[in-house]
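The values are calculated or read from the model by the stated rules, or taken from the named source; none is laboratory data. As the structure is a computational prediction, the values presented were derived from the model and not from experiment. Cβ sites come from the backbone with ideal geometry, for glycine too, and all protein chains shown count toward neighbours. Ligands, DNA and RNA are excluded from the accessible area calculation, which covers all protein heavy atoms including side chains. Shrake-Rupley method; radii C 1.70, N 1.55, O 1.52, S 1.80 Å.
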Amino acid sequence: MSSGTPARRFSDFADDDRPLAGEKVKIENILNQEILITGYRVNESKFKSNSPRCLTVQFMKDETQHVIFTGSAVLINQLEKYGKEIPFLATVRKIERYYTLS
């Protein structure tokens, strides 16, 4: 490092692969309730039988940070399409056999 050049922090250039923080809750426990979605990540699922991808959603509810995990293709598609709008308020609904944001 040359003199006069400030040292860069690792966090300034590294991809953020840390897990999303929050208290884990089941998706069924937040159905039909408005939440503030603050982050998401899509990874390869450890359980290949249901879905090849796993969605982690980070959100605020009652001033507490939470996370949910799901293989829902509909939720994955919605967050990949609208994730740039985060943070946003949404309600997770179950319609027949799938989950969706509204």
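The figures follow:
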| read-out | value |
| --- | --- |
| Computed [θ] at 222 nm, helices only, for the chain once each DSSP H run of length n ≥ 4 contributes -39500 (n - 2.57) | -3000 deg cm²/dmol |
| For the chain, built as a Gaussian network whose Cα springs stay under 10 Å, the top-fluctuating residue of F69, F47, F59 | F47 |
| Average Cα contact separation per residue, the chain, under 8 Å, 6 or more apart, as relative contact order % | 28 |
| Burial ranking of peptide ranges 90-98, 33-41 (average Cβ count within 10 Å, highest at the top) | 33-41, 90-98 |
| Portion, in percent, of the accessible area of the range 18-88 that falls on carbon or sulfur, probe 1.4 Å | 50 |
| Crossing angle, helix 73-82 versus the chain [Cα axis fit, 0-90 degrees, rounded to tens] | 50 |
| Lysines with Cα under 23 Å of K24, excluding same-chain neighbours fewer than 8 positions away | K46, K48, K61, K94 |
| Inter-label distance, nm, simple model (7 Å from Cα along the C-beta direction), K84/T100 | 2.4 |
